[in-house]
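The values are calculated or read from the model by the stated rules, or taken from the named source; none is laboratory data. Quick caveat: nothing in here was measured; it's all calculated off a predicted structure. Glycine also receives a Cβ, built like all others from the backbone with ideal geometry; neighbour counts cover every protein chain displayed. Protein only, heavy atoms only, side chains kept; ligands, DNA and RNA dropped before computing areas. Shrake-Rupley method; radii C 1.70, N 1.55, O 1.52, S 1.80 Å.
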Amino acid sequence: MHYPIGLLFDLLASSSALPWNITVHFKSFPEKDLLHCPSKDAIEAHFMSCVKEADALKHKSQVINEMQKKDHKQLWMGLQNDRFDQFWAINRKLMEYPAEENGFRYIPFRIYQTTTERPFIQKLFRPVAADGQLHTLGDLLKEVCPSAIAPEDGEKKNQVMIHGIEPMLETPLQWLSEHLSYPDNFLHISIIPQPTD
């Protein structure tokens with residue numbers, strides 16, 4: 001429940017055929033594996049908490065704090081009711097930045113791996129280097145999760161997936177954040193073992 005469905009697909013079933021078969025059980029809730037949600041309000045609160053955390057990283061919470069409660073509600077209702085225009089009218093503000101800044105303050109990202117016990121990796125990472133160069137996905141992985149990248153003379157052991165695609169490591173991180181972030185405004189990156197087939 002607390003991970004986006006696309007992320008779960010990338011982590012657990014990206015090599016399986018679509019449509020993805022999901023089995024829903026109505027008894028014996030797996031309390032040890034999943035957070036139990038007592039109501040829709042709890043899901044909304046979790047979503048808004050994630051959006052606020054992402055905005056704190058990107059804009060020091062300035063954008064979300066300038067919004068009114070009705071804007072927060074419109075953001076949630078647009079997502080809940082699958083109304084992109086309603087959602088994007090508000091979310092657009094969260095994805096903008098002043099032209100002179102060349103990007104967000106920090107990139108809100110989480111890296112997930114199926115081969116570790118750690119739920120995810122999340123650290124502060126700027127989209128632009130001190131010399132003004134745009135950081136890439138490869139730069140992020142080299143610093144935060146170097147085991148995800150194949151050595152130059154070695155065999156590729158992992159796939160880096162975002163929304164079911166494997167972006168090039170040369171892709172600017174700012175662009176990925178603007179265009180491939182999930183509705184919670186985080187860039188959810190999956191690192192999975194390279195398929196053998």
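Can you tell me which of Lys52, Lys60 is of a type in the set (D, E, K, R), out of contact with any Phe, Trp or Tyr (no Cβ under 6 Å at 6 or more places or on another chain) and in contact (Cβ under 8 Å) with a residue 40 or more places away in the chain?
Of Lys52, Lys60, the one residue that is of a type in the set (D, E, K, R), out of contact with any Phe, Trp or Tyr (no Cβ under 6 Å at 6 or more places or on another chain) and in contact (Cβ under 8 Å) with a residue 40 or more places away in the chain is Lys60.
Taking the range 110-122, which residues are open to solvent by 60 Å² or more (accessible area, probe 1.4 Å) and in contact with a Leu (Cβ under 9 Å, 6 or more places away or on another chain)?
Scanning the range 110-122 gives a single hit, Thr114.
Every residue in the range 36-51 that is open to solvent by 50 Å² or more (accessible area, probe 1.4 Å) and closer than 21 Å to Ile189 by Cβ, please.
Result: His46, Ser49.
Scan (1) farther than 30 Å from Gln80 by Cβ; (2) aliphatic (A, V, I, L, M); (3) out of contact with any Leu (no Cβ under 8 Å at 6 or more places or on another chain) for the single condition Leu134 breaks and write down its number.
(3)
Condition check: touching a residue at least 24 places away in the same chain (Cβ under 8 Å), farther than 18 Å from Cys50 by Cβ and in contact with a helix residue (DSSP H, G or I) (Cβ under 6 Å, 6 or more places away or on another chain). Does Leu187 satisfy that?
When the stated conditions are applied, Leu187 does not pass them.
Mind checking whether some residue in the range 27-34 is surrounded by 11 or more Cβ atoms within 10 Å (Cβ to Cβ), farther than 24 Å from Leu173 by Cα, of a type in the set (A, V, I, L, M) and at pLDDT below 85?
Among the residues of the range 27-34, at least one is surrounded by 11 or more Cβ atoms within 10 Å (Cβ to Cβ), farther than 24 Å from Leu173 by Cα, of a type in the set (A, V, I, L, M) and at pLDDT below 85, which makes the answer yes.
Quick one: in the range 151-189, which of the residues that are at pLDDT 95 or above, polar (S, T, N, Q) and crowded, with 17+ Cβ neighbours inside 10 Å is farthest from Arg105 (Cα to Cα)?
Ser181
Quick one: in the range 61-109, of everything that is assigned to a helix (DSSP H, G or I) and of a type in the set (Asp, Glu), which residue is least open to solvent (accessible area, probe 1.4 Å)?
The qualifying residue least open to solvent (accessible area, probe 1.4 Å) is Asp71.
Do we find that Arg83 is outside the structural domain of Phe47 (by the TED database) and closer than 26 Å to Met67 by Cα in this structure?
When the stated conditions are applied, Arg83 does not pass them.
Can you spot a residue in the range 110-133 that is closer than 30 Å to Asp33 by Cα and touching a Pro at 6+ places or on another chain (Cβ under 6 Å)?
no
Residues Leu141, Leu176: which one is under 19 Å from Thr114 (Cα atoms) and either out of contact with any Lys or Arg (no Cβ under 8 Å at 6 or more places or on another chain) or charged (D, E, K, R) (or both)?
Only one candidate qualifies: Leu141.
Which residue is farthest from Pro183 (Cα to Cα), if the candidates are limited to the range 1-20 and must be open to solvent by 90 Å² or more (accessible area, probe 1.4 Å) and modelled with pLDDT of 80 or more?
Looking at the filtered set, the residue picked out is Leu12.
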